[in-house]
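In what follows, a structure is listed as structure tokens, so that the remarks can point back to it.
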Amino acid sequence: MTKQNMWVAGLATPVLIAMLLLLFAGSPSVKASDNGKASAANAAVKIDNFVFGPQTLTVPVGTTVTWTNSDDIPHTSVSTEGVFKSKVLDTDEKFSYTFTKAGTYPYYCTIHPKMTGQVVVQ
Amino acid sequence: MPDKKLDLIDQNLQDLNNDGVDRRGFLKCMAWAGTGLVWTMSGGIPVSRAFAKSSGKNKDAAKGADFSFVQISDSHIGFSKPANPDVTATLQTAINKINAMPHTPDFIIHTGDMSQLSKPSEFDTLDQVVKGASTKQIYFVPGEHDMLSDNGEQYLQRYGKGTKGSGWSSFDHKGVHFVGLVNVANLKAGGMGSLGHEQLEWLEDDLKGRSASTPIVLFAHIPLWTIYPDWGWGTDDSEQVLSYVKRFGSVTVLNGHIHQIMQKIEGKVSFHTAMSTAFPQPAPGTAPSAGPMKVPAEQLQQVLGITDVNYVVSGGSLAIVDSPLGG
């Protein structure tokens with residue numbers, strides 16, 4: 001291999017990697033918009049009347065869970081074991097977290113700690 | 001009507017003395033809210049009478065008082081939902097009411113939830129309004145709404161100068177020992193309010209060596225007695241506090257958080273919660289949740305209010321007067 005060829009290969013490799021990355025990163029979102037169904041599932045928890053509903057949510061690995069606060073009072077959704085932590089959610093504000101590992105994730109509202117719930121990821 | 005009210009109150013106080021607070025007691029308590037009440041502690045025996053709305057009749061309560069102070073609570077500056085679209089205006093009304101008192105209070109205690117979301121602009125507005133009070137000395141303890149996103153750092157910078165830990169402190173005023181406690185920090189999942197080990201140790205030490213005849217006033221945001229666990233209306237480690245103050249002859253506990261008047265007497269300890277200056281909350285168990293309660297606009301000022309506490313040296317007692325803003 002000549003010196004010049006080595007240089008070309010050195011430049012081409014990062015470019016190829018970048019293209020591959022773009023391809024993989026881009027494909028799920030393209031799919032999602034094409035058939036109206038995300039490849040990874042979504043699930044919702046509604047905060048209403050100082051209650052997380054449903055209190056136990058069971059989802060497959062890879063699910064993105066979105067909490068929405070429907071109360072006139074701010075709440076949070078914070079993992080008891082420090083896995084996830086929302087900011088303070090005022091009325092109608094949302095927080096999402098994607099669960100990539102199976103397990104049981106208890107959480108609570110740090111402002112009203114009597115409010116508890118859990119996400120079971122299978 | 002006034003006699004009926006008086007009977008109701010006396011009956012209720014008896015109930016409280018006999019079997020603590022039950023649900024029936026709560027519902028009766030709600031009959032007081034909005035009408036106000038004069039409540040005097042004398043040698044551990046509560047004497048109560050319906051609070052006359054005219055300030056002229058009210059002067060008796062202050063007669064011979066060595067000093068008085070005012071408690072305000074739960075201003076929730078920044079809240080703008082239907083339960084009260086203008087909480088700044090109702091706080092202003094509360095300050096106006098303090099300024100119109102026949103006797104100028106020595107200081108004001110704010111028992112927390114000054115802000116709705118711990119925003120600097122909300123604290124700024126609160127500061128601006130309370131600056132207009134005839135009384136310049138104000139003591140604060142935080143509510144959970146004042147320590148939302150930064151572990152209370154901003155609160156401590158603004159209101160916690162000279163305090164310890166998450167904002168607790170004590171001071172003496174004309175022979176009465178006041179202790180401001182913080183039970184809204186580092187709350188645990190599934191629990192209620194909490195003081196924590198460090199604060200309890202400090203409190204024990206703070207009270208140690210004080211004469212049992214020193215009147216003690218404890219104030220904190222969440223009630224230091226269990227009112228309604230389902231809604232988190234209580235403090236998990238409050239029993240320990242009560243064990244420290246048991247030996248004192250007169251202990252008054254002032255709280256906020258539940259946006260309504262509740263009272264309980266346990267031995268020589270009298271517990272009292274204040275009305276909010278912002279919006280009312282439902283009586284325990286009477287609504288799906290503790291969220292803000294919407295009342296007709298013309299009734300709002302009857303369920304918001306301030307609490308005037310008079311210390312009478314001769315009687316060695318504290319008289320607590322709750323006045324609705326619209327009274």
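Each reported figure results from applying straightforward, stated rules to the coordinates on display, with no laboratory input. Bear in mind that the values here come from a model prediction, so they are computed numbers and not experimental data. Neighbour counts run over all protein chains shown; Cβ positions are idealised from the backbone, glycine included.
Close amide H contacts of B:Gln71 (hydrogens built in the peptide plane, cut-off under 5 Å, sequence separation of 5 or more or a different chain): B:Ile109, B:Thr307, B:Asp308, B:Val309. Distance between the pseudo-spin-label points of A:Glu81 and A:Thr104 (7 Å out from Cα toward the beta carbon): 1.0 nm. Whole-Hz Karplus values for the range B:264-281 come out as 8, 10, 10, x, 9, 9, 10, 9, 8, 10, 9, 6, 8, 9, 10, 7, x, 10 Hz, taken residue by residue from phi with 6.51 cos²θ - 1.76 cosθ + 1.60 and θ = phi - 60°; glycine and proline positions read x.
Using the Cβ of B:Ile72 as centre and a radius below 12 Å, the other residues enclosed give a net charge of -3, where K and R count +1 and D and E count -1. As a calculated quantity, the FRET efficiency between B:His173 and B:Asp230 at R0 = 35 Å, using C-beta atoms, amounts to about 0.45. Would the range B:189-230 count as rounded, prolate or oblate if I go by the C-alpha gyration tensor, calling it rounded below 1.5 in a/c and otherwise prolate when a/b exceeds b/c, oblate otherwise? Oblate, since a/c reaches 1.5 and b/c is not below a/b.
Karplus-based coupling profile of the range B:248-263, in residue order and whole Hz: 7, x, 9, 10, 10, 10, 10, 9, x, 6, 9, 6, 6, 7, 9, 9, with θ = phi - 60° in 6.51 cos²θ - 1.76 cosθ + 1.60 and x standing for Gly or Pro.
Could you tally the net charge around A:Val121, taking each other residue with its Cβ under 14 Å from the Cβ of A:Val121, Lys/Arg +1 and Asp/Glu -1? Its environment carries a net charge of 0. Neighbouring Cβ atoms from other chains, within 10 Å of the Cβ of residues in A:111-119, number 5 on average. Each of B:Phe178, B:Phe279 was scored by other Cβ atoms within 10 Å of its Cβ. Listed from fewest to most, they are B:Phe178, B:Phe279. Give the shape of the range B:187-327 as rounded, prolate or oblate, defined through the alpha-carbon gyration tensor: a ≥ b ≥ c are the square roots of its eigenvalues, a/c under 1.5 means rounded, and otherwise the shape is prolate if a/b is larger than b/c and oblate if not. Taking the square roots of the gyration eigenvalues as a ≥ b ≥ c, the range B:187-327 is oblate.
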